[in-house]
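Written out below as structure tokens is the structure these notes cover.
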Amino acid sequence: MAFPGDGERVTPSGLPARVAAEFPEPLVGRLQSLRREIHANPELSFREEKTAERLARALRDLGIEGARRVANTGVVARVPGREASAPVVALRGDIDALPIQEATGLPFSSTAAGVMHACGHDVHASWAVGAAALLAAQPAAGDVLILLQPAEETGKGALAILESGALDGVAAIFGGHVDRRFEVGQVVADEGPLAASADTFEIELLGAGAHAARPHESHDPIVAAAAIVSALQSIVSRRLNPATPGVVTIGTIQAGSAANIIPDRAVLSGTVRAVEPVSRAQMLDEVRAIATGVASGYGVTARVSVDMGPPPIVNPARTTAWARHAAASVVGSENIVPLGFLNLAGEDFAHYMQRLPGCFLRIGARESGGPVVPAHAPTFYAAEESLFVGAAVLAECARVASAALASGTAA
Ligand SMILES: [Zn+2]
Ligand SMILES: [Zn+2]
């Protein structure tokens with residue numbers, strides 16, 4: 001299988017004219033090497049030691065001073081703007097990988113067994129560095145904070161960054177995700193829902209064990225678990241307004257030790273996805289109510305615990321207008337495309353948007369004629385050219401937002 005950029009240096013010739021013009025050849029090579037190095041050396045959430053070091057070095061090599069570690073394995077740096085007093089805008093790239101064995105066949109495939117950049121964060125990290133280079137060459141009105149965030153995949157990294165205070169005083173934040181549903185050069189900058197909330201729950205069922213041949217002496221948690229799994233399906237089909245997207249999935253069931261023993265305990269875990277705060281709360285309430293209600297009908301006790309993940313991302317009108325304007329000036333307005341069907345994946349960028357205005361984009365990452373591969377698949381990769389589009393679009397988002405904020409049009 002052939003991949004774009006295989007073996008040789010990618011040239012920006014296949015890129016939109018404005019994007020190609022922004023990247024001198026030495027920068028193209030640097031960013032390509034950086035992306036490939038990060039892809040080949042993936043690290044899991046909050047273990048991105050070498051990745052953080054490599055990114056900090058890349059920023060220093062570009063002449064961007066003061067890169068520093070935050071939130072354990074995060075890195076921030078400021079690219080100075082034209083006016084010291086103008087509002088600060090942040091650009092975020094996440095940097096962590098997933099526990100997946102890579103199967104892309106890329107020449108720069110993962111060298112770490114069972115760990116892979118299957119969500120494209122190798123590209124996100126590199127485009128944040130690329131945006132820094134572009135902003136150093138053509139500054140925004142105010143300073144731009146380059147934020148390289150760890151641990152997106154566990155939903156904890158953005159919170160750690162916020163707790164570190166690294167975003168204190170920042171006026172707006174922009175970020176994006178590679179997406180192979182869209183071709184390189186296409187950008188989604190839709191107002192409204194763009195990612196779902198992603199909460200996880202665990203249901204522990206406590207019954208009474210017995211010999212498998214004497215079920216009347218048990219309170220069988222496996223039969224209760226089966227009933228609960230079926231009953232939970234009625235949340236989306238019977239409780240949720242059908243005009244509102246939502247998902248309840250059970251991902252694990254653990255119980256028992258032998259075919260002839262009824263165990264005393266079963267544990268289920270799953271996830272709830274929603275795009276509206278009301279339906280999110282409703283679905284979590286229903287999980288609790290159904291689990292405890294059904295369990296009690298089987299003489300079993302249910303303990304339900306919920307781990308609240310990122311809220312939904314809902315892009316607001318004003319910041320999305322800035323992002324659309326910025327993206328259109330880079331890739332052309334004909335390449336600003338609608339999201340189409342909402343993907344109910346979660347994205348912890350949502351935590352930032354609860355604290356400050358911003359916009360989250362989808363950046364096309366499928367080479368022309370290439371397959372649509374979902375993120376988190378062992379064959380997922382982002383076309384190399386998406387790195388340059390993402391960098392140019394994010395840099396321009398920072399310039400447009402910074403100018404609007406500095407002129408007070410967005411007070
Ligand atoms: Zn992911
Ligand atoms: Zn991701």
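The values are calculated or read from the model by the stated rules, or taken from the named source; none is laboratory data. Not measured: the values here are computed from a predicted model. Reconstructed Cβ throughout: ideal geometry from the backbone, glycine too, with neighbour counts over all protein chains shown. To get the accessible areas, we keep the full protein, side chains included, count just its heavy atoms, and leave off ligands, DNA and RNA. Shrake-Rupley method; radii C 1.70, N 1.55, O 1.52, S 1.80 Å.
Here is the figure for the stretch 293-342: residues that are open to solvent by 60 Å² or more (accessible area, probe 1.4 Å) and either within 16 Å of ligand 1 (Cβ to nearest atom) or not in a strand (DSSP E or B) (or both) total 12.
Counting only residues that are touching an Asp or Glu at 6+ places or on another chain (Cβ under 7 Å) and surrounded by fewer than 24 Cβ atoms within 10 Å (Cβ to Cβ), the stretch 343-366 holds 2 of them. Per the conditions (1) farther than 17 Å from Leu339 by Cβ; (2) touching a residue at least 40 places away in the same chain (Cβ under 8 Å); (3) in a strand (DSSP E or B), the sole criterion not satisfied by Val248 is (2).
Acidic (Asp, Glu), open to solvent by 30 Å² or more (accessible area, probe 1.4 Å) and in contact with a Lys or Arg (Cβ under 7 Å, 6 or more places away or on another chain): is that true of Glu286 in this structure? Explain how you work it out, then say what you get.
On the way: acidic (Asp, Glu): yes; open to solvent by 30 Å² or more (accessible area, probe 1.4 Å): yes; in contact with a Lys or Arg (Cβ under 7 Å, 6 or more places away or on another chain): yes.
When the stated conditions are applied, Glu286 passes them.
Could you check, for the stretch 227-235, whether at least one of its residues is open to solvent by 30 Å² or more (accessible area, probe 1.4 Å) and assigned to a strand (DSSP E or B)? No - not one qualifying residue is present in the stretch 227-235.
Residue-by-condition table, conditions (1) touching a Ser or Thr at 6+ places or on another chain (Cβ under 7 Å); (2) within 24 Å of Leu162 (Cα to Cα):
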position	(1), (2)
Pro338	no, no
Leu342	no, no
Phe349	no, yes
Gly358	yes, yes
Gly370	no, no
Ala375	no, no
Ala391	no, yes
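Condition first: in contact with a Pro (Cβ under 8 Å, 6 or more places away or on another chain) and within 15 Å of Val389 (Cα to Cα). Now tell me which residues in the stretch 115-136 satisfy that. Of everything in the stretch 115-136, just one residue is in contact with a Pro (Cβ under 8 Å, 6 or more places away or on another chain) and within 15 Å of Val389 (Cα to Cα), namely Asp122. Tell me which residues, restricted to the stretch 343-371, are part of a loop (DSSP other than H, G, I, E, B) and within 15 Å of ligand 1 (Cβ to nearest atom). Asn343, Leu344, Ala345, Glu347, Asp348 - these are the residues of the stretch 343-371 that are part of a loop (DSSP other than H, G, I, E, B) and within 15 Å of ligand 1 (Cβ to nearest atom).
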